[in-house]
Amino acid sequence: MNPIPACSLTRFTESTIRDEVLGSYMKTDARVPTLLVALLLLPGCLSGIVDEIDEVVIWEMSPDGEWPQLSLGERTRTTPTLDTYSDCAVLLNDLKDALWEQTLVEIDQNAYWNWASPNIWRMGGGMVDDVAMEMDGGMPEASADASNSGGTAPSSSGGEDRSGTYSETNNQESGVDEADFLKFDGHYFYMINNNHLIIIGVPEHGNVTLVADMELEGQPLQMMKDGESLVIISSINSWNIPSNDPLRSIMQTDDGNWRSSNLVKYTVIDITNRSDPNVGREIFIEGSHETARMVNGTVRSVSHMWSYIPGIETYPSLPDDYWSVEDWEPRMDLWNTSVENLVEENLAVLNTLTLADFAPQMHQRNADGTISSYSSGSGDCSEFSGSADGVGRGFTSIMTVDLLSPEFTSEVDHIASSWVEVYASGDMMILAEPANDWWWFWRNNDYEDATNIHAFDISVEGETSYIGSGRVTGTVQDQFSMSEYNGDIRVASTSDSWGRWWLTEDGEWEVIEPQNHITILESDSAGNLDEVSHLGGIAEGERIWSARFVGDMAYLVTFRNMDPLWTIDLSDPENPTILGELEVPGVSTYIHPLSNGDLLTIGMPGGEDGLGLDWSMTQLSLFNLSDLTNPTLADTQQLTPAYLDDDCTSIRYCGWSWSYSEATYEHKAFTYWEAAGLLAVPLSTHRYVYDYIEIDGRTYSYSGYEYVSKLMLIDVDIENRTLSLHGEIDHSSFYNDGNGVSGWWGGDSNVRRSVFMGDYVYAFSSAGVSATSYADMNTTAMLELPGYEASEPYYYDDVVMSEEVDGESDGEDSSSSEGSPPKEDG
């Protein structure tokens with residue numbers, strides 16, 4: 001593979017700036033040897049640069065001659081198709097070229113902000129900020145079984161067959177299990193709780209027992225389960241590795257820098273004996289975990305590593321007297337000389353780099369606790385690939401683990417790319433990455449934002465094979481903006497979501513309005529994903545907040561001040577057609593299809609006069625799609641976990657934080673159980689508390705936070721198309737003491753997941769799990785969980801009688817000391 005390098009060494013020199021000072025801004029000739037410029041624009045240019053550093057003089061002025069800037073060379077787009085490397089030396093050269101180009105751009109940006117920005121602000125310029133909030137987290141993709149069909153108990157779990165009686169992870173596609181911190185097999189819950197793996201038994205419906213508690217290394221994030229095995233995916237951070245841990249030596253360089261600040265750890269655990277789980281293989285790969293999918297026993301986990309290169313700097317080291325120099329011309333000379341030195345120093349570092357400095361390394365813990373490092377490939381770098389546009393500075397790694405093989409065989413593929421969004425059907429995994437990193441657009445305005453789409457065949461157990469790549473206009477929000485259906489790849493995207501004000505003409509500060517698109521791609525025999533059709537210009541001025549593909553249909557929710565729902569017919573892939581549009585207040589951040597064809601969504605209601613958003617509430621909406629050309633809003637249900645009391649007559653103005661539901665951005669927190677016609681979503685809030693308490697005639701003041709942590713149950717009547725509150729399950733007592741407060745604020749108090757089984761719903765938060773009969777809302781079991789550390793509120797011993805609360809001191813010492821109140825007798 002030979003990606004096209006765009007590497008042109010560029011430098012400032014003192015003589016280039018002296019002709020004019022910044023007050024009048026010069027237009028000077030670029031005295032650059034033509035031969036050298038041509039040489040530096042050729043592929044593989046870095047090998048010829050280092051030796052010529054003292055002679056090379058390459059510089060240019062800004063278009064108006066107002067400030068010095070680096071000559072960055074031409075940056076173009078070619079094809080997103082991934083080519084596999086067969087020579088490690090070629091890969092290393094491409095990585096060096098990409099690093100050098102980005103380094104030059106960042107140096108040039110610092111020069112711009114140093115010289116141009118003072119002039120811009122003096123002329124009265126300003127920026128328009130019209131960027132809407134990006135929603136983090138996924139919205140579930142339609143599956144063939146949108147109602148959550150229930151799972152099958154493993155033969156080893158014992159007891160009665162509970163197949164079909166319980167809800168599973170709210171997966172995007174049927175048959176594609178997504179990693180989460182909670183899994184259930186009908187008889188046992190497997191839960192990651194901080195750094196603990198907890199196994200909870202369900203001996204009979206409505207009861208729970210603690211079966212096992214295992215401490216795990218690092219920060220466990222998610223897991224996959226198949227049969228008698230778990231794969232735990234954890235994050236190992238450099239800041240919390242013990243000094244004697246052998247992992248430290250592989251993450252930290254000899255000079256004390258961190259080669260990688262993060263490792264992804266895969267731990268295979270044998271759970272044949274649920275009360276005594278055993279750790280098997282432990283594998284580490286450099287990077288950060290993104291997501292994982294399991295199809296037919298094969299786990300494919302995606303991680304990303306950004307290559308940190310010590311010694312590469314982008315801001316020059318300025319002399320001590322630099323900022324005291326008042327005249328522009330000598331100050332600019334100092335700046336230019338400093339940049340020259342910086343370029344030379346960076347090139348010296350670049351010349352010493354090896355492939356190990358860039359590529360993610362893999363390690364394995366041995367039985368004796370030692371760490372072995374090994375190559376993930378055959379030695380010719382054939383496990384690495386990248387697009388011809390340039391390889392960038394990061395790697396996306398796909399770890400493929402076959403849980404069904406006795407040896408737990410694994411393979412890894414590294415793709416030179418930016419951070420990706422991941423989608424998977426039963427046959428295909430799709431990665432969506434920005435066509436170019438943010439820095440690539442600096443002084444390179446001839447290109448729109450675009451996204452590369454890479455497709456992989458995952459239909460064969462234990463294998464991940466590349467299919468091809470294509471490109472779509474705009475950016476892809478999340479996994480639910482992608483779909484594979486009958487071999488076609490459908491993508492929803494938003495262009496100009498940045499609001500690129502700098503592209504407007506005549507110096508006017510004007511935001512370019514975003515637009516939304518649907519693009520359909522199909523693969524050809526040459527490794528390309530060709531565009532079959534494109535539907536653009538959807539909801540100009542708005543952005544996609546949620547998307548859902550269901551069979552031949554696509555549903556989009558866009559938003560700026562109101563929430564339009566779009567119904568789009570994809571039955572003819574060559575001619576996608578907008579069928580209907582409905583504009584309603586508020587916004588939906590997650591779309592869930594119902595078995596009757598309607599849509600159930602969660603989001604936020606509209607603000608005052610129906611415009612904007614009311615972040616103090618969570619809103620559920622039920623859309624009637626019996627006529628796709630005329631969608632209607634059948635019903636809404638607004639929810640808040642806050643409550644009114646004597647000190648709180650208005651929820652919005654008595655100290656409660658905005659209501660919070662993880663289900664608004666994480667689809668796995670949204671549990672719809674069609675068998676009972678119920679939806680479960682978590683809701684939480686908190687408020688600061690300061691009050692007095694009298695014990696044994698002494699008054700104590702205390703402060704902390706009052707938590708409200710609930711799971712809300714909503715009746716979803718699909719026949720009559722209505723929503724109504726069914727009841728609530730309160731976990732607040734897990735987090736508040738007898739006075740209703742906790743000592744600190746944190747996000748660990750929320751109910752996060754729920755599971756239906758039989759006539760019961762199980763609610764999970766960090767401190768505990770509860771089982772509740774949803775028929776009468778009677779809680780039949782509550783179990784405190786290991787792994788949660790409560791924080792006690794602060795009690796201040798005021799050493800006063802209660803009369804002082806009313807402002808009348810009895811003359812006793814009123815000095816305060818922090819402590820705990822005495823226990824009451826009896």
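The values are calculated or read from the model by the stated rules, or taken from the named source; none is laboratory data. Because the structure is predicted, anything quoted here is derived from the model rather than measured. Cβ atoms come from the backbone with ideal geometry, glycine included; neighbour counts cover every protein chain shown. Just so you know, the surface numbers come from the protein's heavy atoms only, side chains and all, with ligands and any DNA or RNA stripped out. Shrake-Rupley method; radii C 1.70, N 1.55, O 1.52, S 1.80 Å.
Of all residues in region 613-622, those satisfying the criterion of being of a type in the set (A, V, I, L, M, F, W, C), open to solvent by 20 Å² or more (accessible area, probe 1.4 Å) and either touching a residue at least 60 places away in the same chain (Cβ under 8 Å) or within 18 Å of E666 (Cα to Cα) (or both) are W615, M617. With a requirement of 1 or more residues that are over 20 Å from V412 (Cβ atoms) and among the β-branched types (V, I, T), the strands (runs of 3 or more DSSP E) lying completely within region 239-310 that satisfy it span 262-270, 278-286. Looking only at residues of region 525-534 that are open to solvent by 30 Å² or more (accessible area, probe 1.4 Å) and in contact (Cβ under 8 Å) with a residue 24 or more places away in the chain, we find that the one that is farthest from E574 (Cα to Cα) is A526. If we scan region 328-347, do we find a residue that is open to solvent by 10 Å² or more (accessible area, probe 1.4 Å) and touching a helix residue (DSSP H, G or I) at 6+ places or on another chain (Cβ under 6 Å)? Yes, region 328-347 contains a residue that is open to solvent by 10 Å² or more (accessible area, probe 1.4 Å) and touching a helix residue (DSSP H, G or I) at 6+ places or on another chain (Cβ under 6 Å). Residues in region 223-234: is at least one small (G, A, S), under 17 Å from I283 (Cβ atoms) and in contact with a Gly (Cβ under 6 Å, 6 or more places away or on another chain)? Yes: one or more hits.
Residues of region 158-179 that are open to solvent by 10 Å² or more (accessible area, probe 1.4 Å) and not in a loop (DSSP other than H, G, I, E, B): E173, D177. Would region 800-821 turn up any residue that is buried (at least 20 other Cβ atoms within 10 Å of the Cβ) and either part of a strand (DSSP E or B) or at pLDDT below 70 (or both)? Yes, region 800-821 contains a residue that is buried (at least 20 other Cβ atoms within 10 Å of the Cβ) and either part of a strand (DSSP E or B) or at pLDDT below 70 (or both).
Does R259 count as among the charged types (D, E, K, R), within 26 Å of G392 (Cα to Cα) and surrounded by fewer than 21 Cβ atoms within 10 Å (Cβ to Cβ)? Yes: the conditions hold for R259.
Apart from one condition, P641 fits all of (1) surrounded by 17 or more Cβ atoms within 10 Å (Cβ to Cβ); (2) at pLDDT 95 or above; the exception is (2).
Within region 264-280, the presence of at least one residue that is farther than 18 Å from Y190 by Cβ and under 19 Å from the mean Cα position of the chain (by Cα) is confirmed.
Could you please give the count of residues in region 583-612 that are surrounded by fewer than 17 Cβ atoms within 10 Å (Cβ to Cβ) and under 12 Å from L565 (Cβ atoms)? Selection size over region 583-612: 1. Looking at region 692-735 only, could you name the residues that are outside any strand (DSSP E or B), open to solvent by 50 Å² or more (accessible area, probe 1.4 Å) and under 27 Å from N596 (Cβ atoms)? Residues satisfying the conditions are E719, N720, R721. Scan region 643-662 and tell me whether some residue there is touching a residue at least 60 places away in the same chain (Cβ under 8 Å) and small (G, A, S). Within region 643-662, none of the residues are touching a residue at least 60 places away in the same chain (Cβ under 8 Å) and small (G, A, S). Restricting region 383-396 to residues that are at pLDDT 90 or above and polar (S, T, N, Q) leaves a set whose member that is least open to solvent (accessible area, probe 1.4 Å) is T396. Is it true that some residue in region 200-218 is within 29 Å of the chain's Cα centre (by Cα), closer than 17 Å to A771 by Cβ and among the hydroxyl-bearing types (S, T, Y)? Checking region 200-218: not a single residue is within 29 Å of the chain's Cα centre (by Cα), closer than 17 Å to A771 by Cβ and among the hydroxyl-bearing types (S, T, Y). Scanning region 703-726 for residues that are closer than 20 Å to S749 by Cα and either touching a residue at least 40 places away in the same chain (Cβ under 8 Å) or over 37 Å from the mean Cα position of the chain (by Cα) (or both) yields S703, G704, Y705, Y707, V708, S709, K710, L711, M712, L713.
Matching residues to (1) more than 30 Å from T352 (Cα to Cα); (2) free of Cβ contacts under 8 Å to residues at least 12 places away in the same chain; (3) surrounded by fewer than 22 Cβ atoms within 10 Å (Cβ to Cβ):
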position	(1), (2), (3)
I271	yes, no, no
S275	yes, no, yes
N278	yes, yes, yes
E282	yes, no, yes
A292	yes, no, no
N296	yes, no, yes
I309	no, no, yes
T314	no, no, yes
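Among the residues of region 419-461, those identified as assigned to a loop (DSSP other than H, G, I, E, B), over 30 Å from S62 (Cα atoms) and open to solvent by 20 Å² or more (accessible area, probe 1.4 Å) are W419, G426, D427, S459, V460, E461.
Filtering region 73-108 to residues that are assigned to a helix (DSSP H, G or I) and either touching an Asp or Glu at 6+ places or on another chain (Cβ under 8 Å) or surrounded by fewer than 18 Cβ atoms within 10 Å (Cβ to Cβ) (or both) leaves C88, A89, V90, Q102, E106. Tell me whether region 571-584 contains one or more residues that are touching a residue at least 24 places away in the same chain (Cβ under 8 Å) and among the small types (G, A, S). Yes: region 571-584 contains one or more residues that are touching a residue at least 24 places away in the same chain (Cβ under 8 Å) and among the small types (G, A, S). Out of P576, P564, one residue alone is within 26 Å of L521 (Cβ to Cβ) and modelled with pLDDT under 90. It is P564.
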